[in-house]
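What follows is one structure encoded as structure tokens, with my remarks underneath.
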Amino acid sequence: MRQLLALSALTITLPALAQTAGDYRSVASGNWNDLLTWETYDGASWIAAGATPTAAIANVITVQSPHFVTNTANVSGDQVIVAAGGTLVSGTGNFTAAAGADTDLDIFGTFIALTGSSSLTIASGANVVVQSGGALIHNGTSGACVNNSAGAAALQFAAGGKFQLQRVGGTIPPATWSVGSTCEIANALAGTSRPNATGLGQNFEHFTWNNALQSGGTDLGGALTNVNGNFLLANAAGQELKWSGDANFGGNLTISNGTFNVTGSTTPARTWTLKGDLYIASGAQLHVSAGNSVSATMIINGTGTQQYTCDGNNIAVKLNWTVNNGSTLNLNSDLPLTASGRTLTADGTVNLNGKVVSTDLIAGSGTIRNEGGGAGLLEVGAGNGNNTLTGTPSLLNGASGTLGLVKRGSGALTLAAAQTFSGGLVVSNGLVLVENTTGSGTGSGAVTVYDGILAGNGTISGAVSIESAAALSPGVAVGKLTINNTLTLAGDTMIEVDKANSTNDVIAATSVNYGGTLTVTDISGGLVAGDSFTIVNAGSHTGDFTSIAGSPGANLGWQFNPATGVLSVIQLAANPPTLLYSQAGNVLTLSWVEAGYKLQSQTNNLSTGVSSNWGDVPAGAASPVNMDMDSANGAVFFRLSPQ
């Protein structure tokens, strides 16, 4: 006998039935054709059988628990009941369910098919039902185990009934799969073959892949498409199960072992529809192994809240995710869609639940929110894609959590509408254009630009920090960026001026902490000394730019006044000015001969050196300047600056 995989204990109890003369029941384990296996009811009591039961002579035939009855010759019976805990084995002979009254073969226990395609024959007019707690097991010598005669009813699996395929490459019999029934693949021998494609093309209820002896990757080749209940990858011996086709999952999708691969081919496009939860257990993983041009999409289409939980590894970064209108996806783990062109489409609701969604593109007409506490993050542009947020989908906080936005990748993010999330905006790369006309384009939180450029003509309500590797460029062409908060500059501030059209870039801020470099671009030319442009409107300020880059013309320079925000064109000497010095006792005299310069200084220790904190020296507007030296000062630095 071939190896059988163990079944879980079956606990369903067959209801007691009234006995009639001619009923048979097993009294011991044994062969069907052995009289010692049976007793019969004579109308008054149970007596030793004088003949083995057949459809011709018996009424109800019951294989009782815990008996194990095997037929080694062809047997025909109707109104046969395999009770819970009982086992009927179709061995070297065939078992035929003959047409008769009621159900012709009721399996509450276990029916094992060990022979070929005729292990179980359903005669014309007959019906076979695998009841709740019952199991039909195929471990036979040929691909199929059930033979349906013309006119026979389809094999039926009731709620709680199960078919288990133990034969490598065998065929799942055509059947009616009731809600709550299960088809399980549990090969009894090592191998990588999938079940026959013909049997996989049915409308299953629950489907379980429990192949502890799988010896390599198995590709279903797109043959299995409809699982109306739960799909469970219970065991693949750590190997890969590749789907390679579309799928409709009416219940939960659970990956407990091995790798579940959506597709290894770039064509055609794959669409998976899920109406339940997705769970990836520790040690398991979800994958899309096809090239980057693959189009594979997970569609969330349930009527309630669906959970995404990954305790293992989700490397399916090429998988698009769509949450349909009326559906809600709740994240219990971070969700990656980081490959180029991958899109999170929120037509329903995506609840970050304090987790991180990292996607290249974002679309949809629904809501992305952070309900459930913590600081949820939506990262966009992960694959260097361009995004425009127009107010749909809506980006919202939750009642007990904040939502933050992160710009990744070298692409552009355009914020074209007011946002209300409060978790802030972080720019790690690329271009962010704030182009809203009402409210705040970045919500109410702080904006921090670590790398890339912040630009646009919109309004920001949170504090803005431009770090040393980043840049601020108000406008798109020449324009104005409004910051109703504190602006801190440590990187590159890029300003365009256009004398011919009497316009220039403007930064409007509540207060400005100056630093970094001011880079000025003259668009139209024709600048002369005395031209000026108001480039910053601020209520208060600290510091100044460390340097100014760009030239207004020959022998001209830029001068910026941080107190007024005015950028001016000044005349420069043909040669750089020279700062002369002399010392008489404790008095230091600094002088110069070039016009248009003033003396500035700063005091620091030697380890700090020169900083951006320059200040005008009293009486330093004209040469010479005399001052007493103070030995308590660690180091005093001087420079000539255009007036």
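Structural remarks
- Counting the residues of the range 263-283 that are surrounded by 23 or more Cβ atoms within 10 Å (Cβ to Cβ), at pLDDT 95 or above and farther than 12 Å from Phe231 by Cβ gives 1.
- Residues satisfying the stated conditions in the range 19-39, i.e. at negative phi, part of a strand (DSSP E or B) and touching a Ser or Thr at 6+ places or on another chain (Cβ under 7 Å): Tyr24, Arg25, Ser26, Asn31, Trp38
- Within the option set Gly304, Gly291, Gly276, being at negative phi and in contact (Cβ under 8 Å) with a residue 40 or more places away in the chain holds for one residue only, Gly276.
- Within the range 294-403, strands (runs of 3 or more DSSP E) holding 1 or more residues that are buried (at least 23 other Cβ atoms within 10 Å of the Cβ): 296-300, 305-310, 319-323, 328-331, 335-337, 343-346, 349-351, 356-359, 361-363, 367-370, 375-380, 394-397
- If you go through the range 120-165 and keep only what is of a type in the set (Phe, Trp, Tyr) and in contact (Cβ under 8 Å) with a residue 40 or more places away in the chain, you end up with just Phe157.
- Considering Asn457, Asn513, the condition of being polar (S, T, N, Q) and closer than 15 Å to Leu431 by Cβ is satisfied by Asn457 alone.
- Candidates in the range 132-150 are the residues that are closer than 19 Å to Gly77 by Cα and more than 39 Å from the chain's Cα centre (by Cα); of these, the one that is surrounded by the fewest Cβ atoms within 10 Å (Cβ to Cβ) is Ala150.
- Of the residues making up the range 70-88, those that are modelled with pLDDT under 95, outside any loop (DSSP other than H, G, I, E, B) and either open to solvent by less than 10 Å² (accessible area, probe 1.4 Å) or of a type in the set (A, V, I, L, M, F, W, C) (or both) are Asn71, Val75, Gly77.
- Scope the range 404-414; condition surrounded by fewer than 23 Cβ atoms within 10 Å (Cβ to Cβ) and assigned to a loop (DSSP other than H, G, I, E, B); matching residues: Gly409, Ser410, Gly411
- Listed by position, the strands (runs of 3 or more DSSP E) enclosed by the range 96-182 that each have at least 2 residues that are polar (S, T, N, Q) are 146-148.
The values are calculated or read from the model by the stated rules, or taken from the named source; none is laboratory data. As the structure is a prediction and not an experimental result, all values here were calculated from the model. Cβ sites come from the backbone with ideal geometry, for glycine too, and all protein chains shown count toward neighbours. Ligands, DNA and RNA are stripped out before the accessible areas are found, and what is left, the full protein with its side chains, is counted by its heavy atoms. Shrake-Rupley method; radii C 1.70, N 1.55, O 1.52, S 1.80 Å.
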